[in-house]
Amino acid sequence: MARDPRFDILFEPVAIGPKTAKNRFFQVPHASGMTNANPHVRAAFRGTKAEGGWGVVSTGACSVHPSSDDSPFPFASLWDAADIRAHAVMTDAVHAHGALAAVELWHGGAAAVNRTTRHAPLSPSGVPWMATHVGFMSSARPRVMDAGDIRDLIRWHAEAAVRAEQAGFDILYVYAGMGYLPYQFLLSDYNHRTDAYGGSATNRVRLVAQLIDAVREATGGRCAVALRVSLQELRARASENAPSEAHEIIGLLKDAPDLFDVKMDYSATDCAPSRFTPEGSHEPVVDFVRQITDKPVVGVGRFTSPDTMVSMVRRGVLDLIGGARPSIADPFLPRKIEEGRAEDIRECIGCNICISSWHDGVWVRCTQNPTAGEEWRRGWHPEVVRKDAEGTALVVGGGPAGLEAALTLARRGFAVTLAEAGRDFGGRLLWETRLPGLRQWFRVAEYRLGQLRRMPNVSLHSESALGAEELRDFGADHVVIATGARWTTNLCGPNEIPTGPIDAPRVYTPDDIARGVRIEGPVAVFDFDNYYMGSAIAEHLAAEGLATTYVTSAGSAQSWGVMTNEQPLVHQAFRKAGIACRTLEIVEGFDGRNLTLAHVFSGERSTIAARSLVIVGQRAGGSALYDAVVAEGIFPSVALTGDANAPGAIAHAVYQGHRTAREIGAAPREVLRDAPYAMRDIAAPREAAE
Ligand code: ADP
Ligand code: SF4
């Protein structure tokens, strides 16, 4: 199909200094958890986006020197010839599809405490970055950079730039954002210097301007030089010379880089969860940049709608449409728009499982795209599934796992029947996405249903609860059971290990609320699941007008939400909704009027009034249907998948459904293991590095 002419503007080439991007789709640098230790995994992940039509594909933050070591978080480096070789695999994969390759040269300063390299962290004025969550927290404090350190920092960037060009990168970033070192010079909170690098805005931008010049000179003007800059704090600060400090600083730097990449300052606002933040949320902070500079500007905002993208360009906010999450959820987003198939876009749902992967220190995982990170290891392509099957497959259960399994089985060539007991498809999503803020998560079902409904080899049957007998009568060659999990009323002990169920009146689980049970207030929600369900239910009950207390065994509300950037926003939402929040407590008893709580460390008891108790704790998988058909042994091929197999996040259910469908009835495939290049693998390493 031809592209809709109203999207033509998105496919115009854009000059970026000495380079030209073939279109306006720009995959900005984003964490992937893929480091130089996995060069082929990373190359395939990034190369797939180039294949999918992104005009520029960037790698993630890339350390310029061992004094910028982010461990235990995964990060890339450009320290030596082995690193050049590792990145060259990626740039080759990107260039193979006509895209430009970009690299974000990075020095973390006080935000990178060098746990592995043991360098003293660097900073403009010794101001630490006081993170208070696991992985970020550290007892190391930075030292103050002297003039020699500043000269070194500039030289390290120049040397890394030379290596980056050798590795084949077209666009080299200077990174003055997200609390990292060049940004620390821009922001007066960090920069208390009294030399030429501190004080006035002119002095505070000096380092960034020198880094840009150094990178450009080191590569003889052959590579484009981009500046990535965070503007949220700066825009909120008054300036004597301009509408804000952000205006003043961009004004001073307006001719320095070939491209501005503009963003927010904090992960929770920059990579904001859709639950609390809409598409395009950066615009009020970054909208002024293009009015000050003639250089092209790229920015993000979880853009999934081509109309929004066009509007960003036409209204003069951005020249290039930045994508991080939308490019993970659908590496083929640009191609789908170009081919007039916008309805096929697998839209990002803004759940931030991807960013949780980086916090976990592993390769990126995505709720919408189960192939993310598996392009090389398992050979999974996000759009193409090898047509290697014939015969029939029956999928039981139309939740995320069943829908994904049905879609992938159908792509393999099976004649697929999907049977769902309920009136609608979507499983847990049907109700969960009616909870406050979660509406966009229904895209997981919508995308899959949209595809399935157009496939001639698929038949969808709702209101079809299947038992062992029906399965037997149906007689499919392959059966996939994806019947989901259920929440239990189990409590937990002070060690947070689930104990037994509680016997009391008006004790409920999320499944009861989904069924429409009326809850009497005041209500307490006891959460030891620690993901979104407990806090979302508390918000839901408060919105119904019930006096709500949220109790958790963890130290904060939705404690795992620290991984998905939701946690600060959950606390804000609780405050706004008047939800009382009690942390580090477990429920010890409930009699229908009072709830007895015990502190997890001290054991100290307290009582609160509550008529109802909702327990969001343990989920149980398993399937009696599966057990029955396996016991009968009538099907040669039966698989249990999704939450029924192992309850987890939606991402886990989708992944399991995908993997089951790829593997059922197929010859086993080798799972490849990647390995880093080492200096000993490189011929004449010293010369190559110079
Ligand atoms: P998952 O996240 O693993 O996909 P869900 O709980 O979201 O799990 O979805 C499971 C779906 O399976 C639900 O929609 C449920 O109605 C359906 N289901 C459960 N048992 C049967 C059955 N025996 N026959 C058909 N559908 C079933
Ligand atoms: Fe979007 Fe969620 Fe996928 Fe991240 S994990 S790209 S937020 S759908």
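No value in this document is a laboratory result; all are computed from the given coordinates. Everything numeric here is computed off the predicted structure, so don't read it as measured data. As a convention, Cβ positions derive from the backbone with ideal geometry for all residues, glycine included, and neighbour counts pool all protein chains shown.
Does segment 488-619 classify as rounded, prolate or oblate by the C-alpha gyration tensor (a ≥ b ≥ c root eigenvalues; a/c under 1.5 gives rounded; else a/b over b/c gives prolate, otherwise oblate)? Rounded.
Listed peptides 611-623, 468-480, 379-391 appear in the order 611-623, 468-480, 379-391 once ranked by packing, highest mean of other Cβ atoms within 10 Å at the front.
Mean separation of Cα pairs under 8 Å and 6 or more residues apart, divided by the residue count, gives segment 5-360 a relative contact order of 18 percent. Net charge in the neighbourhood of Leu597 (other residues with Cβ under 12 Å of its Cβ; Lys, Arg +1, Asp, Glu -1) is -1.
Note on Thr583 and Glu217: the model spin-label points, each 7 Å out from Cα along the C-beta direction, lie 4.9 nm apart.
Counting only Cα atoms, the size of segment 570-664 along its three principal axes is 56, 31, 26 Å, in decreasing order.
Each residue of segment 314-329 is assigned a 3J(HN,Hα), and the resulting list reads 5, 7, x, 8, 9, 9, 10, 8, x, x, 10, 4, x, 7, 7, 5 Hz, derived from the Karplus form 6.51 cos²θ - 1.76 cosθ + 1.60 (θ = phi - 60°), x at Gly and Pro. Dividing the C-alpha radius of gyration of segment 372-433 by 2.2 N^0.38 Å, with N its residue count, gives 1.27. Using r as the Cβ-Cβ distance of Arg141 and Ala37, and R0 as 35 Å, what FRET efficiency do you calculate, to the nearest 0.05? After rounding to 0.05, the efficiency reads 0.75. Mean residue ellipticity at 222 nm, helices only, the chain: -8500 deg cm²/dmol; runs of at least 4 DSSP H residues each add -39,500 (n - 2.57), and the sum is divided by the number of residues.
Derived value for segment 340-444: Kirkwood hydrodynamic radius 15.4 Å. Basis is the mean of 1/r over every pair of different alpha-carbon atoms. Taking the inverse of the mean 1/r over every pair of distinct Cα atoms in segment 119-232 gives a Kirkwood hydrodynamic radius of 14.9 Å.
Coupling constants for segment 508-525 follow from the phi torsions by the Karplus curve (6.51 cos²θ - 1.76 cosθ + 1.60, θ = phi - 60°), and in residue order they are 10, 10, x, 4, 5, 5, 4, 6, x, 4, 7, 9, 8, x, x, 10, 10, 10 Hz; glycine and proline get x.
What separates the Cα centres of segment 471-498 and segment 583-658 is a distance of 10 Å. Extent of segment 28-90 along its three principal axes (Cα atoms, max minus min coordinate, largest first): 36, 21, 17 Å.
State log₁₀ I(q)/I(0) for the chain at q = 0.07, 0.10 Å⁻¹ as given by the Debye formula over alpha-carbon point scatterers of equal weight, solvent excluded. Log-scaled intensity ratios, in q order: -0.51, -1.01. Note on segment 108-177: Cα convex hull, mean projected area over all directions, 5.8 nm². The distance between label points at Arg115 and Asp152 comes to 2.3 nm (points 7 Å beyond Cα on the Cα→Cβ vector).
Diffusion coefficient of segment 236-335 by Stokes-Einstein, Kirkwood radius over Cα pairs, 10 °C, 1.306 mPa s: 111 µm²/s.
Ranking His65, Ala43, Gln27 by how far each Cα lies toward the positive end of the dipole of segment 18-130 (charges on Cβ) leaves Gln27 at the top.
The overall shape of segment 390-507 is prolate: from the C-alpha gyration tensor, with semi-axes ordered a ≥ b ≥ c, the ratio a/c is 1.5 or greater and a/b exceeds b/c. Rounded, prolate or oblate: which one fits segment 534-598, using the alpha carbon gyration tensor with axes a ≥ b ≥ c (rounded when a/c is under 1.5, else prolate when a/b beats b/c, else oblate)? Taking the square roots of the gyration eigenvalues as a ≥ b ≥ c, segment 534-598 is oblate. Among the listed pairs Lys19/Lys263; Lys22/Lys49; Lys263/Lys336; Lys22/Lys336, those whose Cα-Cα separation exceeds 18 Å are Lys19/Lys263; Lys263/Lys336.
For segment 4-112, the Stokes-Einstein estimate of translational diffusion at 37 °C and a viscosity of 0.692 mPa s comes to 225 µm²/s, using the Kirkwood hydrodynamic radius over alpha-carbon pairs. Cα centroids of segment 93-150 and segment 1-18: 36 Å apart. All Cα-Cα separations within segment 5-360 were binned at 10 Å from zero, giving a P(r) of 6, 27, 37, 25, 6, 0, each value a whole percent of the pairs. For segment 77-139, the fraction of C-alpha pairs farther apart than 16 angstrom is 62 percent.
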